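*Asks:* For reference, the structure I am asking about is given below.
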Amino acid sequence: MTRSNPDVPFVIGHRGAAGLAPENTLVSLRRARREGATWVEFDVKLSRDGVAILFHDDTLQRTSSGNGPVGGFDFDRIRKLEAGAWFGASFAGTRIPTFPEAMQMLATEGIGANVEIKPNPGDAQKTAEITCRLISEAWPDSVPGPVISSFDAEAMAVARDMLPGIERAMLFGRLPNDWKRLVEELDCTAVHASNRHVNEMMVQEIRRAGLPLRIYTVNDPARAETLRGWGVSSVFTDRPDLIKD
Ligand code: G3P
Ligand code: MG
């Protein structure tokens, strides 16, 4: 059984501090820390040539100057894209970071992290293998964690097999009826689920199973307090300036 990570605080910066800086960039990770978050979450996927990068969507256009599927471009093309100006002129010149660069930033800033494996369609196994290999080679000694998570069961099975000693959390939108079977099969020790579908009974059910429940994405401080009162262990927030431990 994988140990549950005791270091995870109540507030986890979502994609860094996605409400304050361009998501999944180094400036966003740093901003989360500046606002007081000691942990962040970010999404890892692959370029066509297998470079692990921080990026959320399957396509480039929402959060960069590119267009088309992320998995359709080699890293040298992706690196040239503008990834900050869409969020605000003052962020112009921001680049899409590699996962190793993000790990380096965690060490520099002293931040823990939840690494969400976010494969491009059909790319779960390779994305999980490369992400796990990089974690085992380069996760900084000075930083706690990580917690690995994914919506993708195939990716989580790879993580279970490659990194059995690292905490892994199954990610859900709406909690399926067979959530417990899946969590046990994948040897996860935490559940991450959507704020849209959470209710107090569900929190109790997961707590009765002895698992921490972490909820995304919570940007309203009153809602965060309600969830805390129900027994939710952590919230992922775009606004770590508003939601505090
Ligand atoms: O890992 C929590 C949360 O980030 C999951 O949803 O779409 O924001 O990656 P998403
Ligand atoms: Mg995510």
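The values are calculated or read from the model by the stated rules, or taken from the named source; none is laboratory data. Given the structure is predicted, the values throughout are model-derived calculations rather than measurements. Here the Cβ is made from the backbone with ideal geometry for all residues, glycine too, and neighbour counts use every protein chain on show. Quick note on the areas: whole protein, heavy atoms, side chains included, nothing else; ligands and nucleic acids left out. Shrake-Rupley method; radii C 1.70, N 1.55, O 1.52, S 1.80 Å.
*Asks:* Can you pull out every residue in the range 1-45 that is closer than 26 Å to ALA92 by Cβ and either of a type in the set (A, V, I, L, M) or at pLDDT below 95 (or both)?
*Replies:* Across the range 1-45, the qualifying residues are ALA17, ALA18, LEU20, ALA21, LEU26, VAL27, LEU29, ALA32, ALA37, VAL40, VAL44.
Each row is one residue, and each column tells you yes or no for (1) within 22 Å of ILE148 (Cα to Cα); (2) away from ligand 1 (no atom under 16 Å from the Cβ); (3) open to solvent by 40 Å² or more (accessible area, probe 1.4 Å); (4) of a type in the set (A, V, I, L, M).
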| site | (1), (2), (3), (4) |
| --- | --- |
| MET201 | no, yes, yes, yes |
| ARG207 | yes, yes, yes, no |
| ILE215 | yes, no, no, yes |
| VAL218 | yes, no, no, yes |
| TRP230 | no, yes, yes, no |
| PHE236 | yes, no, no, no |
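*Asks:* Please name all residue pairs, on different chains or six or more residues apart, with Cβ atoms under 6 Å, provided the first residue is in the range 210-222 and is in contact (Cβ under 8 Å) with a residue 40 or more places away in the chain and within 16 Å of ligand 2 (Cβ to nearest atom) and the second residue is of a type in the set (Ser, Thr, Tyr) and open to solvent by 40 Å² or more (accessible area, probe 1.4 Å).
*Replies:* Note: pairs meeting the criteria are ARG214/SER233.
*Asks:* Just checking, does the range 67-84 include any residue being over 22 Å from ASP123 (Cα atoms) and within 14 Å of ligand 2 (Cβ to nearest atom)?
*Replies:* The answer is no, given that none of the residues of the range 67-84 is over 22 Å from ASP123 (Cα atoms) and within 14 Å of ligand 2 (Cβ to nearest atom).
*Asks:* With respect to ALA85, determine if the residue is surrounded by fewer than 15 Cβ atoms within 10 Å (Cβ to Cβ), more than 16 Å from ligand 1 (Cβ to nearest atom) and of a type in the set (A, V, I, L, M, F, W, C).
*Replies:* no
*Asks:* Then there is this: Could you go through the range 186-193 and let me know if any residue there is without any contact (Cβ under 8 Å) to a residue 40 or more places away in the chain and either surrounded by fewer than 23 Cβ atoms within 10 Å (Cβ to Cβ) or in contact with a His (Cβ under 8 Å, 6 or more places away or on another chain) (or both).
*Replies:* Checking the range 186-193: at least one residue is without any contact (Cβ under 8 Å) to a residue 40 or more places away in the chain and either surrounded by fewer than 23 Cβ atoms within 10 Å (Cβ to Cβ) or in contact with a His (Cβ under 8 Å, 6 or more places away or on another chain) (or both).
*Asks:* If I go through the range 165-185 residue by residue, how many of them are touching a His at 6+ places or on another chain (Cβ under 8 Å) and within 16 Å of ligand 2 (Cβ to nearest atom)?
*Replies:* Residues in the range 165-185 being touching a His at 6+ places or on another chain (Cβ under 8 Å) and within 16 Å of ligand 2 (Cβ to nearest atom): 5 in total.
*Asks:* Give the number of residues within the range 115-155 that are within 18 Å of HIS56 (Cβ to Cβ) and in a helix (DSSP H, G or I).
*Replies:* Summing the residues that are within 18 Å of HIS56 (Cβ to Cβ) and in a helix (DSSP H, G or I) in the range 115-155 gives 6.
*Asks:* I'd like to check something: does the range 74-81 contain any residue that is free of Cβ contacts under 8 Å to residues at least 60 places away in the same chain, within 29 Å of VAL11 (Cα to Cα) and open to solvent by 10 Å² or more (accessible area, probe 1.4 Å)?
*Replies:* Checked the range 74-81: no residue is free of Cβ contacts under 8 Å to residues at least 60 places away in the same chain, within 29 Å of VAL11 (Cα to Cα) and open to solvent by 10 Å² or more (accessible area, probe 1.4 Å).
*Asks:* Report yes if some residue within the range 86-96 is closer than 21 Å to ARG160 by Cα, charged (D, E, K, R) and at pLDDT 95 or above; otherwise report no.
*Replies:* No.
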